[in-house]
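Comments concern the structure below.
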Amino acid sequence: MKRRTVLAAGASLLSAPAFVGAQAAWPSRGPIKLVAQFPPGGLVDVVSRLMAPHLSQALGQSVVVENRPGAGGLIGTDYVSKQAADGYTLLVSHAAVHVYAAATRRTMPFDAVADFTHMGLLVEAPMVLVVRAQSPFQTLAQYVDAARSKPVRYGTSGIGSANHLYGELLKIEGKAPNHDHVPYQGSAPAMQDLLAGNIESVFDPITTNVATLKAGQLRALAVSTPKRLAALPNIPTFAELGYGKLTGSQWLGLSAPKGLPAPIAAKLSSLIPEILAKPDVAARLEELQTLPRQPQLIGDDFSKLVRAQIDEWRAVARASNVEVIT
């Protein structure tokens, strides 16, 4: 028995340096896959392709963006959750999946926290409530007051989306029972109906609306940032108008399968602030008004945020009877 114990201990000691060496050598090959769970051209794809060349340069191996869209981001995210935790498959995670889907879906193919190594929050896309330039609603107060007594229809990208939950939270906080949800298959058709005058408003991330807001085609009644955006200083925040619970965003983060070795996670986490500060990255993010959080959330702090937001928005979903069954 003693001999077996000694042999086992010796074997583990012999294997330990090899295991440590393998981690230290990462990455020893390429390519490293950076999975985008939404189609080309969207925010996740844009951010992934901004980051990939800088990751390649820092790591000395090629980093390729692989789009795996479908089911509102679930397909690509689930794919990553089931890959080896070896540092060769990474994910630009999205709150649409890790928070809002987790808060509203009856079942999920993965645990949004436990099945991932969440390394850091990259950027945040705040939500805006927009109306047509010709809308009679000049202020959020006028809008909410109207929704207390007559139907006011807001469009979103779909049932259970962040946009939907923000609209339901405004209904609750504003005591506006006639704030009626109109779901669409994406934000684009919702915006088309808004511009055609078929609905009164749209809740949407600011990302794709910066140009139309600056051009005056749309008017934003409020934005979900903690303070006003420097690039769009005329848009008041929900918080300053008395709706502090609508402060938030749709964030993007850097994640990997659960069990990623700590040295690899630490290396990738350390690169996040450096890459986000690169001039080309910072300039594009400024154009999109999708910016890094200050101070940045790295490692466990990011995981705690994900868990807290799931609980927060699940409570909103239950209060509003929002559930996605399929």
Notebook entry, point to check: Taking region 172-207 as the region of interest, how many residues are farther than 19 Å from A162 by Cα, surrounded by fewer than 14 Cβ atoms within 10 Å (Cβ to Cβ) and hydrophobic (A, V, I, L, M, F, W, C)?
Noted result: 1
Check: Given the conditions (1) within 22 Å of R284 (Cα to Cα); (2) at pLDDT below 95; (3) not hydroxyl-bearing (S, T, Y), which single one is not true for Q185?
Finding: (1)
Next item on the list: Those residues that are under 15 Å from S255 (Cβ atoms) and either in a loop (DSSP other than H, G, I, E, B) or among the small types (G, A, S) (or both), I need them from region 92-107; list them, please.
Entry: S93, A95, A96, A101, A102
Next item on the list: Would you check if L169 is among the aliphatic types (A, V, I, L, M), touching a residue at least 24 places away in the same chain (Cβ under 8 Å) and touching a strand residue (DSSP E or B) at 6+ places or on another chain (Cβ under 9 Å)?
Entry: no
Check: When you go through V92, V97, V63 one by one, which is the residue that is touching a Gly at 6+ places or on another chain (Cβ under 8 Å), in contact (Cβ under 8 Å) with a residue 24 or more places away in the chain, hydrophobic (A, V, I, L, M, F, W, C) and closer than 13 Å to G30 by Cα?
Finding: V63
Next item on the list: Report yes if I264 is touching an Asp or Glu at 6+ places or on another chain (Cβ under 9 Å), in the same structural domain as L305 (by TED's automatic domain parsing) and either assigned to a strand (DSSP E or B) or surrounded by 16 or more Cβ atoms within 10 Å (Cβ to Cβ) (or both), otherwise no.
Entry: yes
Next item on the list: Find all pairs meeting these conditions: Cβ atoms under 8 angstrom apart; at least six residues apart or on different chains; first residue within region 135-146 and outside the structural domain of M191 (by TED's automatic domain parsing) and at pLDDT below 95; second residue surrounded by fewer than 17 Cβ atoms within 10 Å (Cβ to Cβ) and of a type in the set (D, E, K, R).
Entry: none
Check: Can you find a residue in region 180-187 that is over 16 Å from V128 (Cα atoms), among the acidic types (D, E) and either out of contact with any strand residue (DSSP E or B) (no Cβ under 9 Å at 6 or more places or on another chain) or assigned by TED's automatic domain parsing to the domain that holds H94 (or both)?
Finding: no
Notebook entry, point to check: Out of curiosity, is A146 touching a strand residue (DSSP E or B) at 6+ places or on another chain (Cβ under 7 Å), in a helix (DSSP H, G or I) and farther than 26 Å from Q309 by Cβ?
Noted result: yes
Note to self: Scan region 110-127 and tell me whether some residue there is without any contact (Cβ under 8 Å) to a residue 24 or more places away in the chain and in a loop (DSSP other than H, G, I, E, B).
What the structure shows: yes
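The values are calculated or read from the model by the stated rules, or taken from the named source; none is laboratory data. Predicted model only: the values in this text are computed from it and were never measured. Neighbour counts are summed over all protein chains in view; Cβ atoms, including those assigned to glycine, are modelled from backbone coordinates with ideal geometry.
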